[in-house]
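Take a look at the structure set out below.
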């Protein structure tokens with residue numbers, strides 16, 4: 001199935017940001033849009049979430065994921081990016097299937113706001129059934145849902161916030177991931193590298209400004225010394241002025 005620009009952009013953002021966040025943990029596998037086969041010998045028994053996280057398996061590249069080769073491990077977190085073509089499955093079929101597979105958390109995000117009125121919704125498995133995760137409205141107007149499995153917040157930024165992906169399609173509210181412990185927004189590898197370069201450039205600019213200020217101070221001190229010498233040459237003690 002083909003993907004819209006907005007769907008692909010958020011899929012790439014979430015996978016990249018989660019991989020960077022969990023990069024120091026070798027037993028966390030982050031991927032998406034990859035077939036997960038959950039019954040050996042039955043290829044039709046498969047799912048392919050847009051974004052998923054599996055704990056307790058090796059972090060490595062895979063062409064597909066077969067549970068019988070991975071100790072039976074299934075995703076603890078799934079995010080589907082809802083569109084016109086996936087709305088019915090995301091809303092009706094996948095919740096039942098994911099619940100039957102005992103996937104603890106199921107989130108949905110609609111980049112356009114056309115198919116999910118709230119744009120973002122989360123559900124947590126309780127006694128075999130999904131129950132909605134209550135959203136929290138933050139002081140800046142962001143709508144936040146907490147993932148217990150990831151230890152992260154999924155947030156819809158306020159409409160007036162700068163939208164990094166808004167040029168692709170008209171997007172009502174942008175989805176970003178946050179670490180509630182630090183309050184920091186999760187970045188992709190590219191964003192983190194750009195932030196590093198920006199910080200290095202800022203440090204270089206400050207060092208240049210400091211060097212220029214020191215040079216100006218040295219020049220002023222030299223001019224003052226020359227003036228004092230000139231006064232003395234005329235028989236005037238500059239310390240008495």
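Could you order the peptides 230-241, 61-72, 30-41 from most to least packed, using the average number of other C-beta atoms within 10 Å per residue?
Going by the mean number of other Cβ atoms within 10 Å, highest first, we get 30-41, 61-72, 230-241.
Taking the Cβ-Cβ separation of residue 203 and residue 12 as r and a Förster radius of 30 Å, what is the calculated FRET efficiency to the nearest 0.05?
Efficiency, from the Cβ-Cβ distance: 0.50.
Can you figure out the FRET efficiency of residue 23 with residue 45, using R₀ = 22 Å and their beta-carbon distance, to the nearest 0.05? Write out the running numbers ahead of the final one.
On the way: r = 31 Å, r/R0 = 1.42.
Working from the Cβ atoms, E equals 0.10.
What value, in deg cm²/dmol to 500, does the helix sum -39500 (n - 2.57) over DSSP H runs of n ≥ 4 give at 222 nm once divided by the residues of the chain?
Numbers: 3 runs with 69 residues, N = 241.
Theoretical 222 nm ellipticity from helices: -10000 deg cm²/dmol.
Hey, what angle do you get for helix 5-21 against the long axis of the chain, alpha-carbon based, 0 to 90 degrees rounded to 10?
Between the helix axis and the principal axis of the chain, the angle is about 70 degrees.
Rank by packing, highest mean first: peptides 146-159, 199-212, 117-130, with packing defined as the count of other Cβ atoms within 10 Å averaged across residues.
Values: 146-159: 18.6, 199-212: 10.0, 117-130: 15.3.
The packing order, highest mean first, is 146-159, 117-130, 199-212.
Angle between the Cα long axis of helix 189-233 and the longest principal axis of the chain, 0 to 90 degrees, nearest 10?
10
Note down the relative contact order for the chain as a percent, whole number, built from C-alpha pairs under 8 angstrom at least six residues apart.
Values: 350 pairs, mean separation 33.0, N = 241.
The normalised contact order for the chain reaches 14 percent.
In nm, to one decimal, how far is the modelled label at residue 99 from the one at residue 4, with both set 7 Å along Cα→Cβ?
About 2.7 nm, to one decimal.
A short reminder: the numbers here are calculations on the coordinates, not readings from a lab. All values reported here derive from a predicted model rather than from experimental measurement. No Cβ is skipped: glycine too gets one built from the backbone with ideal geometry, and neighbour counts run over all protein chains shown.
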